[in-house]
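The values are calculated or read from the model by the stated rules, or taken from the named source; none is laboratory data. For clarity, every value in this text was computed on a predicted model and none was experimentally measured. FYI the Cβ positions are ideal-geometry reconstructions off the backbone, even for glycines, and counts take in every protein chain you see.
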């Protein structure tokens, strides 16, 4: 069950790595690597990448937030999900009819930022709450949003540098494996590898 703190977009502390990584390997990382192998064998350039909705489902499983189904607005119940490649900026789009309302909503929820590189071989996830983004971004954007706005969408972005400096790192994947935080199994493997042969033998006796 999603905790009250999580539903309000607070810092996710109970991440479901097992379920989320099953999805990541089955529908994001695995298919992309398979496609790249086929393309390389035929000297065809691959567009690569994954869909925005893939990141939303991945995040949903990771933070245990099933979202609002097909409702418009915030991606999940308590989180907005963003992704960017190669340390690019995270784009926010606001529809001309609902932009002001959504900007306000963005100050009240958590924001999950996926940065990825090298065809998903490197993936990092950082978190920041909307109240921490408000002064630097959302309030400023609200002042820049014309009324009435004659374009279909109002676009702004949050730089990767700000997210890296101010966001909290929740997860890092390298070649499909978790390298941060250290999982229970990783810590056990690391401890086992540090044991000298004599110590290992002594424990078995």
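Points worth noting:
- Among residues of region 143-158 being farther than 30 Å from residue 25 by Cβ and surrounded by 12 or more Cβ atoms within 10 Å (Cβ to Cβ), the one that is farthest from the chain's Cα centre (by Cα) is 149.
- Output for region 170-185, where each listed residue is out of contact with any helix residue (DSSP H, G or I) (no Cβ under 9 Å at 6 or more places or on another chain), exposed (fewer than 14 other Cβ atoms within 10 Å of the Cβ) and part of a strand (DSSP E or B): 174
- Of everything listed in (1) touching a helix residue (DSSP H, G or I) at 6+ places or on another chain (Cβ under 8 Å); (2) crowded, with 16+ Cβ neighbours inside 10 Å, the single unmet condition for residue 116 is (1).
- Condition met for residue 88 (within 18 Å of the chain's Cα centre (by Cα), surrounded by fewer than 18 Cβ atoms within 10 Å (Cβ to Cβ) and closer than 18 Å to residue 167 by Cβ): yes
- Output for region 124-140, where each listed residue is surrounded by 14 or more Cβ atoms within 10 Å (Cβ to Cβ) and touching a helix residue (DSSP H, G or I) at 6+ places or on another chain (Cβ under 8 Å): 125, 126, 128, 130, 132, 133, 138
- Any chance residue 36 is under 19 Å from the mean Cα position of the chain (by Cα), in contact (Cβ under 8 Å) with a residue 40 or more places away in the chain and part of a helix (DSSP H, G or I): no
- Residue that is outside any loop (DSSP other than H, G, I, E, B), at pLDDT below 90 and surrounded by fewer than 18 Cβ atoms within 10 Å (Cβ to Cβ), where the choices are 49, 19, 69, 5: 5
- Checked against (1) at pLDDT 95 or above; (2) under 27 Å from residue 60 (Cβ atoms), residue 185 passes all but condition (1).
- Within region 72-85, considering residues that are modelled with pLDDT of 95 or more and touching a helix residue (DSSP H, G or I) at 6+ places or on another chain (Cβ under 7 Å), the one surrounded by the most Cβ atoms within 10 Å (Cβ to Cβ): 79
- Scanning region 91-108 for residues that are within 18 Å of residue 162 (Cα to Cα) and touching a residue at least 60 places away in the same chain (Cβ under 8 Å), we see that the one that is surrounded by the most Cβ atoms within 10 Å (Cβ to Cβ) is 92.
- Within region 108-141, tally of residues that are closer than 19 Å to residue 94 by Cα and more than 16 Å from the chain's Cα centre (by Cα): 11
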